[in-house]
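The next block holds one structure in the form of C-alpha cells; read it before the comments.
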Amino acid sequence: VNIFLMDEPLSNLDAKQRVTMRSEIKQIHRGIGATTIYVTHDQTEAMTMSDRIVVMKLGVIQQVGTPFELYFYPRNLFVAGFIGSPQMNFLDATLVKEGGNYYVDLGGDKLLIDPSKANSDLDVYVGKAIKAGIRPEDIKDDEEFVAKHSGCKLTATVEVSELMGSEIYLYLDYKGNKLTARVAPTSKAK
C-alpha cells in the first residue's frame, strides 16, 4: 500500500505559488491514486485539497468529515470557528419557540430560524442560553433580501469596510459584539 505523507509542503510559498501548487498536488494525487495524508494549519488548503479532513485541537480529534460536512455541520464551536474565512460569528443568545417557529433571541432582537431547518430536536434547547453561529456570507444587506426576510433583521454599525474585489468585508458592531459580513461588491454600506 502506498501512502504519501506531506507535512505542510506549501507553508514557505507566497500566496500565488500556493494556489498553483495546490492545483499541481491535486493533479499528481489523482494520477498516482495513492492515499495521501496532508498536514496543514491552513484551512483553505484542507478544504480545497481533501476528500476527508481530520480537525484537531491540542492533539485531540474534534471532527472527521468531508469539507462539506465540516463547513455545514460542524460538531462544536472550535470546528465552526476554524472552518470558513472569515470565520463564523458567535453571539450569546436564547432559543425561543413561538407557535411552531423557533427564534434566536439576541437580547430582544429575534431571528427566525428557517422552518425548513428547524425541527422538534430543538425543543430541548428552548429557553436555554445558546451560542448562535452566523457565517459572514449569511449576513446580507441588499434591499431585496432584507425586504423578503423581515423576520431576520438586525441593525449594526459598520466600523470598517474592505473591498476585496468580488466581495466586501464589513466589520460590524452589534450591541458591543464584533461581527464580520461578506457582502456583494455592490453593497452601499459605509
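The values are calculated or read from the model by the stated rules, or taken from the named source; none is laboratory data. Worth saying up front: this structure is predicted, and the values here are computed from it rather than measured. Using ideal geometry, Cβ is built from the backbone for each residue, glycine included, and neighbour counts are taken over all protein chains shown. Ligands, DNA and RNA are stripped out before the accessible areas are found, and what is left, the full protein with its side chains, is counted by its heavy atoms. Shrake-Rupley method; radii C 1.70, N 1.55, O 1.52, S 1.80 Å.
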Within the range 105-127, which residues are of a type in the set (V, I, T), in contact with a strand residue (DSSP E or B) (Cβ under 7 Å, 6 or more places away or on another chain) and modelled with pLDDT of 95 or more?
V126
Kindly establish whether A118 is within 30 Å of M49 (Cβ to Cβ) and out of contact with any Asp or Glu (no Cβ under 8 Å at 6 or more places or on another chain).
no
Among residues of the range 1-48, those that are part of a loop (DSSP other than H, G, I, E, B) and among the small types (G, A, S), counted:
3
Can you list the strands (runs of 3 or more DSSP E) lying wholly within the range 79-190 that have 3 or more residues being open to solvent by 40 Å² or more (accessible area, probe 1.4 Å) and farther than 27 Å from T44 by Cα?
89-98
Which residue pairs have Cβ atoms under 6 Å apart, sit 6 or more places apart or on different chains, and have a first residue in the range 16-40 that is touching a residue at least 24 places away in the same chain (Cβ under 8 Å) and under 25 Å from M56 (Cβ atoms) and a second that is part of a loop (DSSP other than H, G, I, E, B) and of a type outside the set (D, E)?
R18/L10; A34/N2
Just name the residue that is nearest to Y73 (Cα to Cα) out of those in the range 49-61 that are without any contact (Cβ under 8 Å) to a residue 12 or more places away in the chain and not in a loop (DSSP other than H, G, I, E, B).
V54
Hey, can you tell me all the residues within the range 38-51 that are out of contact with any Lys or Arg (no Cβ under 9 Å at 6 or more places or on another chain) and surrounded by 11 or more Cβ atoms within 10 Å (Cβ to Cβ)?
Y38, V39, T40, Q43, A46, M47, S50
Restricted to the range 127-146, and to residues that are closer than 16 Å to V183 by Cβ and aliphatic (A, V, I, L, M), which residue is farthest from the chain's Cα centre (by Cα)?
V146
